[in-house]
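Below: the structure, in C-alpha cells.
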Amino acid sequence: MHIIETYFECGGFDHRLIQGGTSVYLWNLSKALADKGHRVSIVTPAHGRLEDLRRLHDVQTLDYRDEYELPVVLDPQTWGDAFPAEVRIPLTTTAHLLRLEGVDLYFLSNQLLDELPDRFYPPYQSKGHDLVFFKPLAYQVDSIRFVRQWFADDRAVLHTHEPYYSYLMPAAFRHDPTKIVVGTVQSNMPITKAVYGPEVTRLLDFLEAGVEAPADNTTPLDEHAAVMSSYQQLTHLHYEYGPEHVRVYDLVADNADLVDFLAPGHRDFYTGFADTPFEQVFARLPVHDTVRRNAHKSFVGGCAVGDTWTTGELPAVDRTAVLGGLGLDPALPTFFHNARWAVNHKGQVELFRAVDRVLNEGLAANFVLRCISDAGIEDPYVHDVVERHKGRIHLEWQRVDERRIVEYAASSDFCLFPSKFEMDTFLIAQGEAMAAGAVPIATAQLGMAHFGHIADPLTGPGAERATGFAVNRSFTEDDPLLADALARCIHRAAALLREQPGEYRRLRANAIANARQFTWERAADLHLAAFTPIWEGHRPELDVELVLRHGWFDLLPDEAYESHRTAVTQAAARLGDAAAHRRCTEPTPDTTRALFEAAWDRADFARCEQTAGSDPQLRARLDGRCTVENGRIVYRLPHAERVELVRFAPAGPGRRQVTVQQLQRSEDGFSGRIPDDGQDLHLLLTLASGRATWDVIRHG
C-alpha cells in the first residue's frame, strides 16, 4: 500500500535537522514500513533549511508551484484591534524531493513555512502578536493541497500526527474515496485543546471539505463541576476556552478512519483519564461523548527504542573509567536520569529533593543526572544540592552524542524517571536506559506501564516479569508525596542491590528483555495490522473488552450481559457498580458488601450510595466520612494520603481563581479550619493507591 506520513517536522534522518522527538519517531517508522515493502512518502515543511538540505543530501526540485492566499479568521479576543477580522496571507509553495533509504521525503517551501529556521515551532508568545503563529496552520493547508494535487489519484493511507498539527486533514479528505485517514495522538496534549471556530469554518470552506466544524456544544457546569474544571489549570490536563471554539480532537476523531496511540496505557489514559483529578470533569464534558462514539477507531500502533539499543550487543563500557571520569565512585550503586529540563513534566523538582534527602540520610550512592537545556539550569536549589554532595552527583545539561548516553546508562544500576501529569507516553529514554541494563524507578503512569515496572518486583501478581520499581503517579507541582516515595524507593533499590544481588540480576535481565522487544519492525507490524483490514474494506467494531475496561456499561448491547456475563460481572465488581452487577446475577448480602468495599476503596461515593442502602454499618461509614462543626472540618478516609479543600475566590471584576487548602493529618482523619460561608465543600482526595478523585460535601 502507499502510506503518506505527514507531520510538522521530519528531520529524524539527520540529527542536524531535529527539533522534537516526533521527528525521530516519524522517520524510523517510515523507514520500517518501507522495509516491509510498502511505498512510503513523507510530506513536511522545509523550514527555511533547503540550502542545508541541498548541501547535505541530494534534493530534487519538483515541477510544483501553488500560488494562493491563506484566509485566516482571527479571534478578536486574542488578536485585538491591531489586526483585521480576517487576514489573507499570500503564499507561493514549491516542493522538493529527497529519496532516502526507500522513503520519499517531500519538503514544502513558501514564505510562511520558511520562517523560524532555527526553532521550527512558533513561540507561544507570538499568539495574538505575530502572524508567524499560523505557520502550523499553513503547513496543514499546504499539505492538503499538495497531497490533493501530487497524489490526486493514488489510493493511499494518510497517516497524520498530533491533533493540533493535523486537525484539518481528516475533514479535508473525508469524502475522498482514494484516501484512508489515520490520526495519531502523539503526546498527551489536553484532549480539550481548542481553536477558534470561525477560523476552522472558513478554512474548511476554503478547502471545499464538505464538512462542517463541530458546534460549540459546551454546556454550563454546576458548581462542583466548575470548581473541578477550574482546578485543572494546576494539572496540565485541561484548560477552559471561551465561546466559539472547537476541539481539535473532535475534528480528528469524528473524521478520521482510525486513531493511533503509542502504547496501550497511552490509549487507556486518553480514553478515560482514570484516577486523575480530571476524570470526573471529563465525564461531564462533550468530548467524553466524542471519545465514546469513536472508541471503535482507536488502536495501538506503538513506538520503539532506537536500533542502537535493541539490535545486537551494545558497545562494551568501562564503568570504572566512565564513573571515575565524572568524579564518582564506581563501587557505589549508581542512579541515572536522562530527560530535557522540564520540572513540571519530568518530576525534576521532586527528583532533586529525593536525591538530597537520601544523601543527607547517609546513603552511599552516585547520581548521574542529565537535565538537557540549551540555556542551562537557573534554579539555584539544583546547584546547591550538587554543591553540597560533591563526589556523589554529576549534573549536566549539554546535548551529547548517543555514545556518551550509552556509557552513562550501561554504567548505571538504576534509572530514574519520575515523570508527572501523565505527560510522557512511550518515553524512549527510559527504554534506552533499560535496554542498557539499568533497572527502572519510575512513576506508574499508564503511558509508561508497558515497560513493566508497575508490578511489585518481589511480591504480588506479575512479580516474575517485573522490571523495576514504581512510585505513584503525581498531578501536583512540587509534590511532597512524590518526593517521599522516590526517596523510599531509592533506599529500597540500593538495599536490593546490596542484600539480594540475585534478585537485582533478575530485574536487570527482565528490564533488558522488555526494552529490547520495542523495535521499529514491531511498530511497523502493529501499524500494518491496523491499516490492512481497513485497506481491504473492513471497518473496525467496538471492542467489548475496551467498553468494560472503562466501565461504559450503557454501551453494552443487551446480549452482552449474557454472552460476556463473567467479564461484565468482574468489571462491575472491580468498579463497585451495583446496577451492572445486578443485570448479571442476583445480589446477595455478601456481594453487596463487596461492591460497597470496591467503590469505597476507589472513593467512588456515588457507587457507595447504590449499595449502602439501609445497612447501618455501611451508612455509618458513608455518612460519617466528614464532619463540619464550628468552622472546622474533619474528613475520615483511612486510605487517603492527602485531602485538599478547593474553592473559588474572587480575582477581580467578573473573575474567579481557585484556592487550595491542604487539610492536616490528625488522629481522627484530616482536619482544618474553614470559613463559615455556607458554601459546599469541594475536596480533592489523593489515595494511597495513587488514585486522585473528588468528593463534595453539600452545605447543611
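The values are calculated or read from the model by the stated rules, or taken from the named source; none is laboratory data. Since this is a predicted model, take the numbers as computed values, not measurements. Here the Cβ positions follow ideal geometry from the backbone for every residue, glycine too, while neighbour counts run over all protein chains shown. With ligands, DNA and RNA removed, areas are computed over all heavy atoms of the protein, side chains included. Shrake-Rupley method; radii C 1.70, N 1.55, O 1.52, S 1.80 Å.
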With R₀ set to 30 angstrom, the calculated FRET efficiency between the beta-carbons of E387 and E240, to the nearest 0.05, is 0.10
Trypsin sites (Lys or Arg not before Pro) in segment 146-217 lying in a DSSP loop, each with at most 15 other Cβ atoms within 10 Å of its Cβ, come to R155
Shape call for segment 477-524, from the Cα gyration tensor axes a ≥ b ≥ c (a/c under 1.5 means rounded, otherwise prolate when a/b beats b/c, else oblate), comes out oblate
So, over other residues within a Cβ distance under 14 Å of V73, counting Lys, Arg +1 and Asp, Glu -1, the net charge is -4
Segment 1-117 accessible area per residue, 1.4 Å probe, protein heavy atoms, integer Å², reads 41
The alpha-carbon center of segment 409-465 and that of segment 50-64 are separated, in whole Å, by 41
Percent relative contact order for segment 154-242, counting Cα pairs under 8 Å at least six residues apart, stands at 28
Scalar couplings 3J(HN,Hα) for segment 79-88 by Karplus 6.51 cos²θ - 1.76 cosθ + 1.60 (θ = phi - 60°), nearest whole Hz, x for Gly and Pro, are 9, x, 8, 6, 10, x, 4, 9, 10, 10
In Å, the Kirkwood hydrodynamic radius from C-alpha pairs for segment 570-700 sits at 16.1
Note on the chain: contact order normalised by length, alpha-carbon pairs under 8 Å, 6 or more apart, percent, works out to 10
Where a ≥ b ≥ c are root eigenvalues of the Cα gyration tensor, a/c under 1.5 meaning rounded, otherwise prolate if a/b exceeds b/c and oblate otherwise, segment 187-282 counts as oblate
Mean accessible area per residue over segment 496-550 (1.4 angstrom probe, all protein chains present, square angstrom) is 54
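Output the antiparallel fraction of DSSP beta bridges having both residues in the chain, as a percent to the nearest 5. Intermediate results must be reported in sequence, preceding the final value.
Numbers: 52 of 100 bridges.
The antiparallel proportion sits near 50 percent.
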The simple spin-label model distance between R55 and R619, using points 7 Å out along Cα→Cβ, in nm, is 8.1
Among Q233, A194, P170, the residue whose Cα sits farthest towards the positive end of the charge dipole of segment 120-245 (+1 at Cβ of Lys and Arg, -1 at Cβ of Asp and Glu, taken about the Cα centre) is P170
Per the charge dipole of the chain (beta-carbon charges, Lys/Arg positive, Asp/Glu negative, Cα centre), the residue among Q280, C584, G669 reaching farthest to the positive end is G669
Measure of exposure for I428: accessible area at 1.4 Å probe, Å² rounded to 10, is 50
Taking a probe of 1.4 Å and leaving out DNA, RNA and ligands, segment 272-383 shows per residue an accessible area in Å² of 36
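Give, as a single signed number, the net charge of other residues whose beta carbon lies under 9 Å from the beta carbon of P117, with Lys and Arg counted +1 and Asp and Glu -1.
Result for the neighbourhood of P117: -2.
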Compactness summary of segment 410-566: radius of gyration and Dmax from Cα atoms, Å, are 19.2, 58
The answer for chymotrypsin sites (Phe, Trp or Tyr not before Pro) in segment 71-172 that fall in a DSSP coil and have at most 15 neighbouring Cβ atoms within 10 Å is none
Counting only DSSP beta bridges with both partners in segment 41-181, the antiparallel fraction in percent, to the nearest 5, comes to 70
Counting sequence-distant residues (5 or more places) and residues on other chains, those with an amide H built under 5 Å from that of L74 are E86, V87
Once amide hydrogens are built 1.01 Å from N within the peptide plane, the residues lying 5 or more places from F518 or on another chain with amide H under 5 Å from its amide H are V305
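Using 0.36 nm per residue of separation minus the Cα-Cα distance, give me the extension gain between T308 and Q500 in nm, one decimal.
Going from the current span to full extension adds 66.1 nm.
Okay, helix-only estimate at 222 nm for the chain: each DSSP H run of n ≥ 4 adds -39500 (n - 2.57), divide by all residues, round to 500 deg cm²/dmol; what do you get?
-10500 deg cm²/dmol
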Counting only protein heavy atoms with a 1.4 Å probe and every protein chain in place, the carbon and sulfur fraction of the accessible surface of the chain in whole percent equals 49
Net charge near I42 (other residues with Cβ under 9 Å of its Cβ; Lys, Arg +1; Asp, Glu -1) is -2
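Could you grab the relative contact order for segment 440-592? Cα pairs under 8 Å, six or more apart, rounded to a whole percent. The partial results should precede the final answer.
Details: 127 pairs, mean separation 21.4, N = 153.
It comes to 14 percent, rounded to a whole number.
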Any trypsin sites (Lys or Arg not before Pro) in segment 373-416 that lie in a DSSP loop and have at most 16 other Cβ atoms within 10 Å would be K390, R399
Between A152 and R340, the two model label points (7 Å from Cα along the beta-carbon direction) sit apart by a distance in nm of 4.0
For the chain, the dipole about the Cα centre with charges only on Cβ (Lys and Arg +1, Asp and Glu -1), to the nearest 20 debye, works out at 1360
Ignoring GluC sites (Glu not before Pro) buried by more than 16 other Cβ within 10 Å or outside DSSP loops, the longest site-free run in the chain is 560-666
Looks like segment 601-649, by Cα gyration tensor root eigenvalues a ≥ b ≥ c and the a/c under 1.5 rounded cutoff (else prolate when a/b is bigger than b/c, oblate otherwise), is prolate
